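The values are calculated or read from the model by the stated rules, or taken from the named source; none is laboratory data. Keep in mind that this is a model prediction, so the values were computed, not measured. Positions of Cβ are backbone-derived with ideal geometry, glycine not excepted, and every protein chain shown enters the neighbour counts.
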Amino acid sequence: MVILVALLVIVVLVVIFVIGIYNGLVRLRVQCDNAWSDIDVQLKRRYDLIPNLVETVKGYAGHEKSTLEGVVAARNQAMSTQGPAAKADAENVLTSALRQVFALAEAYPQLRAVESFTQLQNTLNQVEDSIQNARRYYNAVVRDLNTKIVQFPSSVIAGMFNITARQFFEVSAPAERDAPKVSFGGAS
């Protein structure tokens, strides 16, 4: 009888232990989903601003058609991609295309003077900051989940319940990783 009670206590403790680990993994998985949703919301804000930016630039630099079409194509591609790795690649292409549009402002001083262009540029900069913060948070939660999935004994529980590692939202373009080069003119 004592052995049966001891065995029952051990089984109950193991079940409670497994439930605790499982709930921790589920909590992290839900946090990952929530963090990814935050990134999606910020990217949607960005996508919504781009047509206004393109229309504003068209009015002043309409003959830069290939640059503007490149931005629209990059936006459409970014909107249709799924998953962190593919989304990160598409976002890198879109960011590069947007840089080309902002470079046009340097070539067209009258464009820089337009209040709506300046406002859109400032709003996009704010959205870029929000995207960067959302990416950081997402990657932190993914790191925590992925770490927990490979640690023992939670790795056993993760395997039993098919809880898998998530992909990081990473910058994959080498140019994005490099520090910007600043030159104030003069001899190099």
Residue pairs qualifying under the 6 Å Cβ cut-off, at least six apart or on distinct chains, with the first in the range 94-115 being of a type in the set (Gly, Ala, Ser) and the second being in a helix (DSSP H, G or I), are Ala97/Gly70; Ala97/Val71; Ala97/Ala74; Ala105/Leu111; Ala105/Arg112
(1) in contact (Cβ under 8 Å) with a residue 40 or more places away in the chain; (2) over 18 Å from Gln167 (Cα atoms); (3) in contact with a helix residue (DSSP H, G or I) (Cβ under 7 Å, 6 or more places away or on another chain) all hold for Tyr138 apart from (2)
(1) touching a helix residue (DSSP H, G or I) at 6+ places or on another chain (Cβ under 7 Å); (2) modelled with pLDDT of 90 or more all hold for Asn34 apart from (1)
If we keep only residues of the range 1-51 that are within 23 Å of Ile157 (Cβ to Cβ) and among the charged types (D, E, K, R), then the residue surrounded by the most Cβ atoms within 10 Å (Cβ to Cβ) is Arg29
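Tell me, which helices (runs of 4 or more DSSP H) lie completely within the range 1-114 with 2 or more residues that are under 23 Å from the mean Cα position of the chain (by Cα) and of a type in the set (Ser, Thr, Tyr)?
Values: elements: 2-61, 65-80, 84-107, 109-112.
In the range 1-114, 2-61, 84-107 are the helices (runs of 4 or more DSSP H) which contain 2 or more residues that are under 23 Å from the mean Cα position of the chain (by Cα) and of a type in the set (Ser, Thr, Tyr).
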If we keep only residues of the range 105-159 that are surrounded by 19 or more Cβ atoms within 10 Å (Cβ to Cβ) and either small (Gly, Ala, Ser) or in contact with a Gly (Cβ under 8 Å, 6 or more places away or on another chain) (or both), then the residue farthest from Arg46 (Cα to Cα) is Ser154
